[in-house]
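Engineer: Before we start, here is the structure in question, set down as structure tokens.
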There are 2 protein chains.
Amino acid sequence: MPVTLHDVAQAAGVSIKTVSNVVRGQGSFSDATRARVDAAIEELGYRPNLAARGLRSGRLGVISLIVPDIRNPYFAELADAVMTAAAAHDLLVLLEQSRGDRDVELELLRGNRTQMVDGILFSVLGLVDGGPELPEGIPNPVVVLGEPVPGWATDHVTMRNAEGAQAAVRHLLDDGRTRIAALGALHGRRTGTAALRLAGYRQALADAGIGYDPALVVDVGVWSRSAGAEGTRRLVRAGDFDGLLAFNDAMALGAMRVLEDSGRKVPADVAVVGFDDIDETRYSVPALSTVKPALEDIAATAVAYLIDRIGRADAGPPRAHRAGVELLVRESSSALSRR
Amino acid sequence: MPVTLHDVAQAAGVSIKTVSNVVRGQGSFSDATRARVDAAIEELGYRPNLAARGLRSGRLGVISLIVPDIRNPYFAELADAVMTAAAAHDLLVLLEQSRGDRDVELELLRGNRTQMVDGILFSVLGLVDGGPELPEGIPNPVVVLGEPVPGWATDHVTMRNAEGAQAAVRHLLDDGRTRIAALGALHGRRTGTAALRLAGYRQALADAGIGYDPALVVDVGVWSRSAGAEGTRRLVRAGDFDGLLAFNDAMALGAMRVLEDSGRKVPADVAVVGFDDIDETRYSVPALSTVKPALEDIAATAVAYLIDRIGRADAGPPRAHRAGVELLVRESSSALSRR
DNA sequence: TTGAAAGCGCTAACAG
DNA sequence: CTGTTAGCGCTTTCAA
């Protein structure tokens with residue numbers, strides 16, 4: 001029932017090959033031919049069968065994006081940026097969620113579904129410390145979004161995590177804060193985003209000659225609003241602090257909520273800085289200071305890396321890109337609104 | 001280079017058909033055969049070519065979800081629910097954004113990309129008032145997420161919009177508010193979500209014997225935080241009000257921010273209710289009262305409708321489902337915290 | 001510049 | 001219970 005190249009060729013009085021050429025804008029053909037073919041396509045309502053094209057050419061024109069949870073605003077904004085970058089190369093995006101679970105991540109990487117796409121953009125969470133025999137048997141290229149996974153010879157695209165955290169803490173110190181808490185550490189982890197942000201935090205304290213107090217560093221599981229709220233409750237019970245660096249904005253928002261509930265004013269009593277610059281930081285009360293990563297750069301680079309690898313097994317050694325970050329000072333840490 | 005059914009068949013010493021059967025768990029075969037085939041699959045690392053399967057069977061196992069903007073938390077939560085529902089039927093989800101633009105929506109519906117999927121879940125925004133020769137030529141089934149599009153004979157899945165808005169306004173009235181503003185109306189529109197929520201708002205006022213004051217009803221474009229903030233600025237300049245129903249949570253959050261800036265306390269001076277129950281409403285200060293739709297019900301029903309239509313052109317007349325809503329009273333409108 | 005023919009890997013008849 | 005055969009619609013040699 002559906003219209004095929006064949007039907008169009010017949011209607012236009014040319015060969016099937018010519019129609020294929022015209023459709024894809026490849027090869028060469030006269031203007032007259034193109035016009036006839038275009039007319040036939042329009043009239044019959046022809047649309048190429050992408051499965052057939054994919055089977056024949058080995059390319060589907062689809063990449064998949066694996067994130068822990070699309071409801072996390074950072075990943076929603078990342079997905080938006082990735083879709084925009086992908087569209088620029090005529091690529092569609094299949095979305096999958098891992099829930100940050102190691103086993104789900106492995107399953108997603110190994111499963112048959114990977115056969116449906118030309119390449120994978122993978123925002124790793126559960127596997128940050130590396131996987132078992134990971135890169136084996138994965139049929140198509142993978143680009144990691146975030147810090148490199150130990151043992152994986154894949155490209156990765158990340159951001160200046162340590163520098164961002166360091167700048168944030170330096171800003172809090174400049175503001176006169178001395179007991180600065182950190183929210184979102186993962187002490188078991190030696191690698192990955194959390195480890196780097198913690199390193200930046202420690203570096204800034206060290207530079208200021210302030211000792212490291214483990215009691216001010218709180219581990220949480222998922223980096224969600226509720227985890228941030230929970231972690232802050234522990235912090236509030238445990239001791240006193242006048243500054244807080246949350247390793248992402250969602251936790252910072254949860255934290256501000258708890259601080260408010262516990263009678264501490266932000267920023268008067270506690271100055272808060274987050275990480276990611278998600279949209280709602282501009283509308284929270286008070287507006288949240290944050291470290292903003294160059295998301296478009298990240299997405300565009302990751303897609304470019306992936307395209308580079310698709311259909312080219314010999315594309316050379318793994319590449320790395322670290323996107324810039326920028327500290328955005330808003331009300332939650334501004335000395336001005338303390339008055 | 002990739003392993004095919006053929007290779008597996010040869011290694012297992014059976015026919016290609018038998019391997020196909022085993023892979024899909026269809027047909028019948030002895031346990032011994034299954035074991036031999038499974039061993040060969042494992043050893044060779046066989047994975048089915050989904051493009052070939054799709055070409056042959058006419059089903060790709062992928063549906064697409066079109067939303068205006070994934071950065072809008074409501075759509076992120078909807079996408080999450082849809083992916084969960086789809087996974088239960090072994091379906092993958094391709095995500096696309098329309099920016100709420102009519103032309104982009106049409107393009108998405110008509111474009112070749114639709115050939116890549118078995119069906120489309122479409123959250124309409126630009127086309128709420130209907131399209132031109134819309135349902136023509138769209139090759140695969142469409143289920144509309146939201147209010148029905150005039151002139152389209154598609155299934156749709158929506159929620160009790162009018163009832164939700166009405167309940168919210170009734171609650172504000174019960175709380176003693178008398179000048180209740182509405183944020184997010186689209187006066188040009190006779191159909192769609194905005195029109196229904198406005199109708200519910202008017203109904204509740206009418207039931208209470210309160211006249212309708214157009215000055216309290218603000219039109220905005222996109223239902224975003226910034227649009228909510230901007231609309232509220234206009235409202236604040238224009239006159240006095242002690243209650244506010246925002247037609248979604250994002251706008252409500254933007255509104256609370258502006259109210260705070262203008263020196264009005266929420267809920268003491270203005271009680272605010274939103275719509276959607278996005279996660280951050282629980283963490284805003286004050287926590288936002290809202291109308292919560294049954295999102296899982298919506299996603300599951302929409303996916304079920306779509307599956308029903310896939311590969312069955314004669315599946316009968318369009319169906320409609322209206323999911324329930326529930327008013328969640330939190331701090332932003334609670335009389336308790338006014339003291 | 002265009003045409004003919006082969007076959008990508010798989011599933012679905014139909015046999016055996 | 002298992003094997004053979006014929007394409008799905010397209011791209012890609014290779015010729016003309």
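The values are calculated or read from the model by the stated rules, or taken from the named source; none is laboratory data. Predicted, not measured: the structure shown is a model, and the values here were computed from it. Ideal geometry is used to build each Cβ from the backbone, glycine not excepted, and the neighbour counts take in all protein chains shown.
Engineer: For A:Val157, only one of the following conditions fails: (1) in a loop (DSSP other than H, G, I, E, B); (2) surrounded by 20 or more Cβ atoms within 10 Å (Cβ to Cβ). What is its number?
Structural biologist: Failed condition: (1).
Engineer: Name the residue that is surrounded by the fewest Cβ atoms within 10 Å (Cβ to Cβ), counting only residues in region A:2-20 that are within 42 Å of the chain's Cα centre (by Cα) and more than 7 Å from DNA strand C (Cβ to nearest atom).
Structural biologist: Applying the filter and picking the extreme gives A:Pro2.
Engineer: Given the criterion within 16 Å of DNA strand D (Cβ to nearest atom), within 10 Å of chain A (Cβ to nearest Cβ), of a type in the set (Ser, Thr, Tyr) and within 25 Å of B:Gly111 (Cβ to Cβ), identify the matching residue among B:Ser57, B:Ser64.
Structural biologist: Exactly one residue qualifies, and that residue is B:Ser57.
Engineer: Just the residues that are within 13 Å of chain A (Cβ to nearest Cβ), at pLDDT 95 or above and farther than 16 Å from B:Arg177 by Cβ, please, taken from region B:263-280.
Structural biologist: Across region B:263-280, the qualifying residues are B:Asp276, B:Asp277, B:Ile278.
Engineer: Out of A:Ala40, A:Ala32, which single residue is modelled with pLDDT under 85 and not assigned by TED's automatic domain parsing to the domain that holds A:Val117?
Structural biologist: None of the others qualify; the one that does is A:Ala32.
Engineer: Is it the case that region A:73-88 has a residue that's within 16 Å of DNA strand C (Cβ to nearest atom) and either within 16 Å of B:Leu92 (Cβ to Cβ) or out of contact with any helix residue (DSSP H, G or I) (no Cβ under 9 Å at 6 or more places or on another chain) (or both)?
Structural biologist: Scanning region A:73-88 turns up no residue that is within 16 Å of DNA strand C (Cβ to nearest atom) and either within 16 Å of B:Leu92 (Cβ to Cβ) or out of contact with any helix residue (DSSP H, G or I) (no Cβ under 9 Å at 6 or more places or on another chain) (or both).
Engineer: Right, something else. Among the residues of region A:171-190, is any in contact with a Ser or Thr (Cβ under 7 Å, 6 or more places away or on another chain), among the polar types (S, T, N, Q) and in contact (Cβ under 8 Å) with a residue 12 or more places away in the chain?
Structural biologist: Among the residues of region A:171-190, not one is in contact with a Ser or Thr (Cβ under 7 Å, 6 or more places away or on another chain), among the polar types (S, T, N, Q) and in contact (Cβ under 8 Å) with a residue 12 or more places away in the chain, which makes the answer no.
Engineer: How many of the residues in region B:190-210 are closer than 15 Å to B:Asn161 by Cα, in a loop (DSSP other than H, G, I, E, B) and not small (Gly, Ala, Ser)?
Structural biologist: Qualifying residue count for the region: 2.
Engineer: Okay, moving on. Would you point out the residue of region A:23-41, among those that are within 14 Å of chain B (Cβ to nearest Cβ) and surrounded by 17 or more Cβ atoms within 10 Å (Cβ to Cβ), that is nearest to DNA strand D (Cβ to nearest atom)?
Structural biologist: Within region A:23-41, the match that is nearest to DNA strand D (Cβ to nearest atom) is A:Val23.
Engineer: Please specify each residue of region A:206-227 satisfying the condition of being in contact with a Leu (Cβ under 8 Å, 6 or more places away or on another chain), farther than 13 Å from A:Leu186 by Cα and surrounded by 17 or more Cβ atoms within 10 Å (Cβ to Cβ).
Structural biologist: Answer for region A:206-227, where residues must be in contact with a Leu (Cβ under 8 Å, 6 or more places away or on another chain), farther than 13 Å from A:Leu186 by Cα and surrounded by 17 or more Cβ atoms within 10 Å (Cβ to Cβ): A:Leu216, A:Arg225.
Engineer: Here's a follow-up. For residues that are within 9 Å of chain A (Cβ to nearest Cβ) and not charged (D, E, K, R), scanning just region B:42-54, find the one that is farthest from the chain's Cα centre (by Cα).
Structural biologist: Checked region B:42-54; the qualifying residue farthest from the chain's Cα centre (by Cα) is B:Gly45.
Engineer: What are the residue pairs meeting all of these: first residue in region A:263-287, first residue within 16 Å of B:Glu260 (Cβ to Cβ), second residue among the β-branched types (Val, Ile, Thr), Cβ atoms under 8 Å, and 6 or more apart or on different chains?
Structural biologist: Close Cβ pairs (under 8 Å, with a partner that is among the β-branched types (Val, Ile, Thr)) amount to A:Val266/A:Val272; A:Thr281/A:Thr290; A:Ser284/B:Val285; A:Val285/B:Val285; A:Pro286/A:Val266; A:Ala287/A:Thr281.
Engineer: I would also like to ask the following. Return the residues of region B:70-97 that are assigned to a loop (DSSP other than H, G, I, E, B) and facing chain A (nearest Cβ under 7 Å); say none if nothing qualifies.
Structural biologist: Selection gives B:Ile70, B:Arg71.
Engineer: I'd like the residue in region B:127-148 that is part of a loop (DSSP other than H, G, I, E, B) and either at pLDDT 90 or above or among the aromatic types (Phe, Trp, Tyr) (or both) and, out of all such residues, is surrounded by the fewest Cβ atoms within 10 Å (Cβ to Cβ).
Structural biologist: Checked region B:127-148; the qualifying residue surrounded by the fewest Cβ atoms within 10 Å (Cβ to Cβ) is B:Gly146.
Engineer: Another question, then. Select from region A:42-58 the residues that are surrounded by 17 or more Cβ atoms within 10 Å (Cβ to Cβ) and within 12 Å of DNA strand C (Cβ to nearest atom) and list them in ascending order.
Structural biologist: A:Asn49, A:Ala51, A:Ala52, A:Arg53, A:Gly54, A:Leu55
Engineer: Related question: Being in contact (Cβ under 8 Å) with a residue 12 or more places away in the chain, buried (at least 23 other Cβ atoms within 10 Å of the Cβ) and either assigned to a strand (DSSP E or B) or under 14 Å from the mean Cα position of the chain (by Cα) (or both), is that true of even one residue in region B:101-119?
Structural biologist: The answer is yes; a qualifying residue exists.
Engineer: Within region B:228-262, how many residues turn out to be surrounded by 24 or more Cβ atoms within 10 Å (Cβ to Cβ), touching a residue at least 40 places away in the same chain (Cβ under 8 Å) and either assigned to a loop (DSSP other than H, G, I, E, B) or within 14 Å of chain A (Cβ to nearest Cβ) (or both)?
Structural biologist: Adding up the residues that qualify gives 12.
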